[in-house]
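As structure tokens, the structure follows; a few thoughts come after it.
The values are calculated or read from the model by the stated rules, or taken from the named source; none is laboratory data. Keep in mind it's a predicted model, so treat the numbers as computed, not measured. Note that each Cβ is placed from the backbone with ideal geometry, even for glycine, and that neighbours are counted across all protein chains shown. Accessible surface areas use protein heavy atoms only, side chains included; no ligands, DNA or RNA. Shrake-Rupley method; radii C 1.70, N 1.55, O 1.52, S 1.80 Å.
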Amino acid sequence: VQLQASGGGLVQPGDSLRLSCAASGRTFRYYNMGWFRQAPGKEREFVAHITSSGTNTYYAESVKGRFTISRDNAKNTVYLQMNSLTPEDTAVYYCAAAESVTTFHVRGGKPSAWGQGTLVTVSS
């Protein structure tokens with residue numbers, strides 16, 4: 001599977017933004033999908049994941065209640081709706097595909113694919 005993330009941009013604190021990650025290939029629906037982010041000078045961190053069927057989701061504490069991950073398997077796309085953005089959310093956001101959700105949470109875990117990243121800047 002190949003992934004293409006999009007939707008980043010410059011927004012003000014309190015604004016919303018929706019990221020998309022489009023996947024190629026007919027196997028998308030079999031993959032668990034995750035979003036990660038990397039702020040300047042920091043390590044990449046987990047943001048959210050969604051299981052292959054879309055039944056289960058999981059969020060980092062820092063985004064819980066503000067971000068929503070969803071997927072449309074008919075469109076081979078996973079989304080990250082981000083509300084109430086703060087400057088601390090500024091980062092390059094990456095989508096990832098993995099056969100097991102554990103991969104997203106194990107240090108050094110290697111997803112099957114990464115998107116190229118899309119920059120989100122929250123600034124007044």
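Backbone N atoms of segment 69-101 closer than 17 Å to the 7 Å Cα→Cβ label point of L119 belong to residues 87-95. The Cα atoms of segment 1-122 define a convex hull whose projected area, averaged across directions, is 6.6 nm². Here the accessible area of segment 16-124 is 47 percent carbon and sulfur, with a 1.4 angstrom probe and all protein chains present. Once both labels are positioned 7 Å from their Cα atoms along Cα-to-Cβ, the gap between S24 and S62 label points is 3.2 nm.
What percent antiparallel are the DSSP beta bridges of the chain, to the nearest 5?
Restricted to the chain, the bridges split so that about 90 percent are antiparallel.
Modelled this way, with points 7 Å down the Cα-to-C-beta line, the labels at K75 and R107 are 3.8 nm from one another.
Accessible surface comparison of S52, S112, probe 1.4 Å, protein chains only, largest first: the order is S112, S52. The average projected area of segment 45-114, computed from the convex hull of its Cα atoms over all directions, is 5.0 nm². Accessible surface for R29 stands near 120 Å², nearest 10, in the context of the full protein assembly shown (1.4 Å probe). Solvent-accessible area per residue in the chain equals 53 Å², computed with a 1.4 angstrom probe and all protein chains kept.
So what is the diffusion coefficient of segment 84-124 in µm² per second by Stokes-Einstein at 10 °C and 1.306 mPa s, using a Kirkwood Rh over Cα pairs? Approximately 135 µm²/s, per Stokes-Einstein.
When all protein chains stay in place and ligands, DNA and RNA are ignored, the 1.4 Å accessible-area order of E88, E45, largest first, is E88, E45. Its Cα centre serving as origin, the chain has a Cβ charge dipole (Lys and Arg +1, Asp and Glu -1) of approximately 300 debye.
The lysines whose alpha-carbon is closer than 23 Å to the alpha-carbon of K42, local same-chain residues fewer than 8 away aside, are K64, K110.
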